[in-house]
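The values are calculated or read from the model by the stated rules, or taken from the named source; none is laboratory data. Computed from a prediction, not measured in an experiment: that's the story for all the values here. Cβ sites come from the backbone with ideal geometry, for glycine too, and all protein chains shown count toward neighbours.
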Amino acid sequence: MMTIEDFTQLPEGSVVLLEGTVVRCPRCGRNGVLKNPYDGRSSCIHAEESTILGDGMLTEPTDSCELPEA
């Protein structure tokens, strides 16, 4: 089963379980959820696709902005 979550449709300040709080992207101005991966590259995820597999769930961003390092 595959689902797509579009954070741009949610109002700023909404809390998305397991994802975080919806904020306005500092790069493009659309709504999204901030992600800070361990390699030091931050991004604002606007939409992501989740697929349920036999051994877990795979979630991949389908629309995002890479943010400059702070």
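Scanning the range 32-68 for residues that are outside any strand (DSSP E or B), without any contact (Cβ under 8 Å) to a residue 40 or more places away in the chain and surrounded by 10 or more Cβ atoms within 10 Å (Cβ to Cβ) yields ASN36, ARG41, SER42. Anything in the range 1-24 that is part of a strand (DSSP E or B) and either touching an Asp or Glu at 6+ places or on another chain (Cβ under 7 Å) or in contact (Cβ under 8 Å) with a residue 12 or more places away in the chain (or both)? List them, or say none. Within the range 1-24, MET2, THR3, ILE4, GLU5, ASP6, VAL16, GLY20, THR21, VAL22, VAL23, ARG24 qualify. Please verify whether GLY29 is surrounded by fewer than 16 Cβ atoms within 10 Å (Cβ to Cβ), modelled with pLDDT of 95 or more and part of a loop (DSSP other than H, G, I, E, B), treating the condition exactly as stated. Spelling it out, GLY29 is indeed surrounded by fewer than 16 Cβ atoms within 10 Å (Cβ to Cβ), modelled with pLDDT of 95 or more and part of a loop (DSSP other than H, G, I, E, B). Condition test on ALA47, is it modelled with pLDDT of 90 or more, of a type outside the set (S, T, N, Q) and out of contact with any Leu (no Cβ under 9 Å at 6 or more places or on another chain)? When the stated conditions are applied, ALA47 passes them.
Applying the set (1) under 15 Å from GLU60 (Cβ atoms); (2) buried (at least 16 other Cβ atoms within 10 Å of the Cβ) to THR3 leaves exactly one unmet item: (2).
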